[in-house]
Amino acid sequence: MLKNNKKEFWFVVGSQHLYGEEALAEVKRDSEAIVNELNEKANLPFPIVFKSLATSAAEIRKIMKEVNYNDEVAGVITWMHTFSPAKMWIAGTKLLQKPLLHLATQFYENIPWKTIDMDYMNLHQSAHGDREYGFINARLNKNNKVVVGHWKDAEVQKEVAEWMQVAYGYCESENIKVARFGDNMRDVAVTEGDKVEAQIQFGWTVDYFAIGDLVKVVNEVSQKDIDAAYEEFKEIYTLDMGNNDPAYYEKQVKEQIKIEIGLRNFLEAGNYTAFTTNFEDLYGLSQLPGLAVQRLNAEGYGFAGEGDWKTAALSRLIKIMTNNCKTGFMEDYTYELSAGSEAILGAHMLEVDPTLAASKPRVVVKPLGIGGKDDPARLIFDGTEGKGVVVSMLDLGTHYRLLINEVEAIKAKEDAPNLPVAKLLWKPQPNFKEAVKAWIYAGGGHHTVATFALTAEQVYDWSRMVNLEAVVIDKDTKIKDIINGTCK
Ligand code: MN
């Protein structure tokens, strides 16, 4: 599987010298206690490192510079133990180029009514400090996250953990490199986009290659490697020969294995972590990559079909955030419109991501209606169930927009024995009609990334980190707001 880089988050505590050295010593002890407990008990995906008390503009500026230049630091968590005058945060905060979380918490959960005096109030005035500090982040348009509540509270810890996943993805986004084999599908509009702007805004490198460049590498794959992989398949998958002649079945599956190994070799050589193909541009390949793509998805590679590099990069990004859990390329295909059972059936020609599988995948060889190539091998399975989101990114000419729809994947009531692809069935929030209307009014594409390992809020948090316009379609969505708001 594609490896994740090591990261940590820095904890920076705002204070000042007004209340004396003893007060600062207590602030430091309290800060260390919080960091130790969060690291030990909060089930965070990355460690937090207590850096320092921030009591002057020079100190804060120095810390933020170090954050920017230290590749292992994925973001900053700030806490206002006391009142920390925010003019001293301006220079450092302006420099900060990584995600910022303002943890609006206080050391003690309860007000000690019997003993509270002004010394206690001065030392524990987070309510005061939060507002002064929050003002400057708002004024500087930092788009930072604010988490509110006591630091021992499980919900607060979960919010911090979820933000960390997103911040990690934000930092790793600049390492995403997409290889495009072929251009975008002819005549298709929504998969297009400004690649230079995508690199400026999201950090994605998007490179074109002729399919012949890939074919050359595929043709260099050794028969020994192909045969070894086929033996492994017998362990991992159900080899479903259907009505195929066994020798023909094996030949077709091995051809996909050859494409898979060639693709992996090509991507590894150029440090590419996502890719696109186009069934209109396969000269020299005997099959459309199906199983090959799905196997690479399972290793964490991002992908989208028909040259859709935006969705390919987005799928890689969300795989980074979710550690490649239940996340992949999806396409809105067919409606179920019967009253009370309305749902959307998603699939693709072949390349449905096996991290979305709820059943053991079957390897199937069947004809493909388009592309004019040999019968391709593909993995077929039923999709996962449960709450998730589908995400689509579109280029409106003036700017990018992100659509985020909360969905619930459900089990189909019946089998579909003649459907030769993996599938996912879901009900969108707030309900089928409003969700589909909102999606269409907002210009959402048919290609999405479906994830069952992130919340809509997490995807929205990422959009704020990269200054990306976002339309969230959830249980509270009203069509009028969509039309009169972002999409007017
Ligand atoms: Mn498609």
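The values are calculated or read from the model by the stated rules, or taken from the named source; none is laboratory data. As the structure is a computational prediction, the values presented were derived from the model and not from experiment. Backbone-built Cβ (ideal geometry, glycine too); neighbour counts: all protein chains shown. To get the accessible areas, we keep the full protein, side chains included, count just its heavy atoms, and leave off ligands, DNA and RNA. Shrake-Rupley method; radii C 1.70, N 1.55, O 1.52, S 1.80 Å.
Below is a table of values for the structure above.
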item: Failed criterion for V206 (all others in (1) touching a residue at least 60 places away in the same chain (Cβ under 8 Å); (2) out of contact with any strand residue (DSSP E or B) (no Cβ under 6 Å at 6 or more places or on another chain) hold); result: (2)
item: Of residues in the stretch 412-427 being closer than 20 Å to L291 by Cβ and touching a residue at least 24 places away in the same chain (Cβ under 8 Å), the one surrounded by the fewest Cβ atoms within 10 Å (Cβ to Cβ); result: L419
item: Qualifying residues in the stretch 458-488 (those that are outside any helix (DSSP H, G or I) and over 21 Å from G397 (Cβ atoms)) - the one most open to solvent (accessible area, probe 1.4 Å); result: K475
item: Cross-chain or 6+ apart pairs with Cβ under 8 Å, the stretch 180-197 first and within 13 Å of the ligand (Cβ to nearest atom), then open to solvent by 80 Å² or more (accessible area, probe 1.4 Å); result: N184/E192
item: Options V293, V352: the member that is in contact (Cβ under 8 Å) with a residue 24 or more places away in the chain, touching a Ser or Thr at 6+ places or on another chain (Cβ under 9 Å), surrounded by 22 or more Cβ atoms within 10 Å (Cβ to Cβ) and not assigned by TED's automatic domain parsing to the domain that holds E162; result: V293
item: Looking only at the stretch 435-457, and only at residues there that are of a type outside the set (A, V, I, L, M) and open to solvent by 50 Å² or more (accessible area, probe 1.4 Å), the one that is nearest to the ligand (Cβ to nearest atom); result: H446
item: Yes/no for T238 being over 22 Å from D183 (Cβ atoms) and within 16 Å of the ligand (Cβ to nearest atom); result: no
item: Pairs where the first residue, in the stretch 39-52, is under 16 Å from V166 (Cβ atoms) and the second is modelled with pLDDT under 95 and not in a strand (DSSP E or B), C-beta under 9 Å, 6+ apart; result: F46/K6
item: Verdict on S31 being buried (at least 20 other Cβ atoms within 10 Å of the Cβ) and assigned to a loop (DSSP other than H, G, I, E, B); result: no
item: Residue list for the stretch 355-389, filter: open to solvent by less than 40 Å² (accessible area, probe 1.4 Å) and hydroxyl-bearing (S, T, Y); result: T355, T384
item: For I404: the one exception among (1) open to solvent by 10 Å² or more (accessible area, probe 1.4 Å); (2) farther than 25 Å from Y249 by Cβ; (3) away from the ligand (no atom under 16 Å from the Cβ); result: (1)
item: Enumeration of residues in the stretch 304-353 that are on the phi < 0 side of the Ramachandran plot, within 11 Å of the ligand (Cβ to nearest atom), of a type outside the set (A, V, I, L, M) and outside any helix (DSSP H, G or I); result: G305, D308, F329, E331, D332, Y333, G346, H348, E351
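This table checks each residue for (1) in contact with a helix residue (DSSP H, G or I) (Cβ under 6 Å, 6 or more places away or on another chain); (2) closer than 27 Å to M321 by Cα.
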| residue | (1), (2) |
| --- | --- |
| E32 | no, no |
| V35 | no, yes |
| I60 | yes, no |
| T78 | no, yes |
| A86 | yes, no |
